[in-house]
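Working notes, beginning with the structure itself.
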Amino acid sequence: MSKKKILIVGGVAGGASAATRLRRLDEDAHIIMFERGKYISYANCGLPYYIGDVIKERSSLTVVSTDKIVNEFNIDVRVENEVLSIDKENKTVKVLNKTENKEYEESYDTLVLATGSSPIKPPIEGINSEGIFTLWTIPDTDKIKAYINEKKPKSAAVIGGGFIGLEMAENLHMAGLDVTDIEMLNQVMAPVDYEMAQIVQENIAMNGVTLKLGDGVKKFEPVDNKIKIHLNSGDSLEFDMVLLSIGVRPNNELAKAAGLELNERGGVKVNEYLQTSNADIYAVGDVIEIDEFISKTKGMVPLAGPANKQARICANNIASENGQAE
């Protein structure tokens, strides 16, 4: 197998899985993994449970340490290094070393985009007020834990009734807060049938979390160290803190600027081998459009499990052991 230089952009679920799988398949490849944050390969699905003290130790959130990936897998891991742009013609990327505030270029034979997604924050008045949080990364978790420890909030609103929203409602409740979940639709967990959601809603209510369905947020207003939420229905509710969980958007800036093909929701289009519209650039995880196995339609699934599976398939394909993503 000829020696390849493979760059991976993103070091959490998809990126770390792609890097380690590639090393298992090719002992000689030069693999560099860039992560713009401080942390790689962490259990983002476990973040709510650290806030609820189900997971006791912060260190338990880290699946594989940077040292292990560097020393055991011989992968060049560069945390706090942000890829700024892609030059498809010359097969190079421009990178910012954030700790040294220096830019440099790195060439590649194959590039893998595992840039993930970010929480949606719509342009609602007051949305950037103190005490309003999103949860997607370890630093997000640190901010929420610090706020709870310092401010001792008694009540919290969770905006959104999806997977993370419900997990946060559960864990804030376990942390001792009086929790209300506000969902714009007439049910929680939009992907499931209404009848199934009803069972979940009954369980939520039985466990002491208040549900307010069929209502959305008009604006947030800081009032006397509290956050007043003005709803579309005309109701107003006050809380000590707010957690936004109303969906995510793909981190597609690099792909878009490079001229890679995107779908109408901004997801990067890939073929069955997870190649983008440029054959030397692959993409996996939250940032891509996928084929729904049952419905045969296109969709996007921003979850760590599918990202890890896609990453392994992607690595197989790069190493010429072609397997199709399903």
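The values are calculated or read from the model by the stated rules, or taken from the named source; none is laboratory data. Quantities reported herein were computed from a predicted structural model and do not represent experimental measurements. Positions of Cβ are backbone-derived with ideal geometry, glycine not excepted, and every protein chain shown enters the neighbour counts.
Quick look at the values:
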read-out: Residues of region 205-234 that turn out to be over 20 Å from Pro153 (Cα atoms) and of a type in the set (A, V, I, L, M, F, W, C), as a count; value: 5
read-out: Qualifying residues in region 288-301 (those that are part of a loop (DSSP other than H, G, I, E, B) and in contact with a Lys or Arg (Cβ under 9 Å, 6 or more places away or on another chain)) - the one farthest from Lys5 (Cα to Cα); value: Glu292
read-out: Among (1) farther than 25 Å from Tyr50 by Cα; (2) surrounded by fewer than 18 Cβ atoms within 10 Å (Cβ to Cβ); (3) of a type in the set (A, V, I, L, M, F, W, C); (4) modelled with pLDDT of 95 or more - the single one Met206 does not satisfy; value: (1)
read-out: Residue that is farthest from Ala175 (Cα to Cα) [pool: residues in region 190-214 that are touching an Asp or Glu at 6+ places or on another chain (Cβ under 8 Å) and part of a loop (DSSP other than H, G, I, E, B)]; value: Gly214
read-out: Every residue from region 178-208 that is of a type outside the set (D, E, K, R), within 23 Å of Asn149 (Cα to Cα) and over 25 Å from the mean Cα position of the chain (by Cα); value: Gly208
read-out: Identity of the residue in region 298-322, of a type in the set (Gly, Ala, Ser) and touching a Gly at 6+ places or on another chain (Cβ under 8 Å), that ends up modelled with the highest pLDDT; value: Ala311
read-out: Residue within region 94-102 that is assigned by TED's automatic domain parsing to the domain that holds Leu260, within 19 Å of the chain's Cα centre (by Cα) and not basic (Lys, Arg) present; value: no
read-out: Those residues of region 49-105 which are more than 19 Å from Tyr282 (Cβ to Cβ), of a type in the set (Asp, Glu) and surrounded by 13 or more Cβ atoms within 10 Å (Cβ to Cβ), in sequence order; value: Glu80, Glu82
read-out: Near pairs, Cβ below 6 angstrom, 6+ apart or cross-chain, from region 64-92 (over 22 Å from Lys102 (Cα atoms)) to any residue that is of a type in the set (Val, Ile, Thr) and surrounded by fewer than 20 Cβ atoms within 10 Å (Cβ to Cβ); value: none
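Residue-wise test of (1) outside the structural domain of Ala157 (by TED's automatic domain parsing); (2) at pLDDT below 95; (3) more than 18 Å from Ile86 (Cβ to Cβ); (4) not in a loop (DSSP other than H, G, I, E, B).
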residue	(1), (2), (3), (4)
Gly234	no, no, yes, no
Glu238	no, no, yes, yes
Leu254	yes, no, no, yes
Leu260	yes, no, no, no
Arg265	yes, yes, yes, no
Glu272	yes, yes, yes, no
Asn278	yes, no, no, no
Asp286	yes, no, yes, yes
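One line per residue, one yes/no per condition, for (1) in contact (Cβ under 8 Å) with a residue 40 or more places away in the chain; (2) crowded, with 22+ Cβ neighbours inside 10 Å; (3) not hydroxyl-bearing (Ser, Thr, Tyr):
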site	(1), (2), (3)
Asp240	yes, no, yes
Leu243	yes, yes, yes
Arg249	yes, no, yes
Asn263	no, no, yes
Gly266	no, no, yes
Ala279	no, no, yes
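Results for (1) aliphatic (A, V, I, L, M); (2) more than 13 Å from the chain's Cα centre (by Cα), shown as yes or no for each residue.
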residue: Lys3; (1), (2): no, yes
residue: Ile6; (1), (2): yes, yes
residue: Val9; (1), (2): yes, yes
residue: Ala13; (1), (2): yes, no
residue: Ala18; (1), (2): yes, yes
residue: His30; (1), (2): no, yes
residue: Phe34; (1), (2): no, yes
residue: Ala43; (1), (2): yes, no
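Yes or no, residue by residue, for (1) charged (D, E, K, R); (2) touching a Gly at 6+ places or on another chain (Cβ under 6 Å):
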position: Ile8; (1), (2): no, yes
position: Arg21; (1), (2): yes, no
position: Asp28; (1), (2): yes, no
position: Ile32; (1), (2): no, no
position: Tyr39; (1), (2): no, no
position: Ser59; (1), (2): no, no
position: Lys68; (1), (2): yes, no
position: Asn71; (1), (2): no, no
position: Leu113; (1), (2): no, no
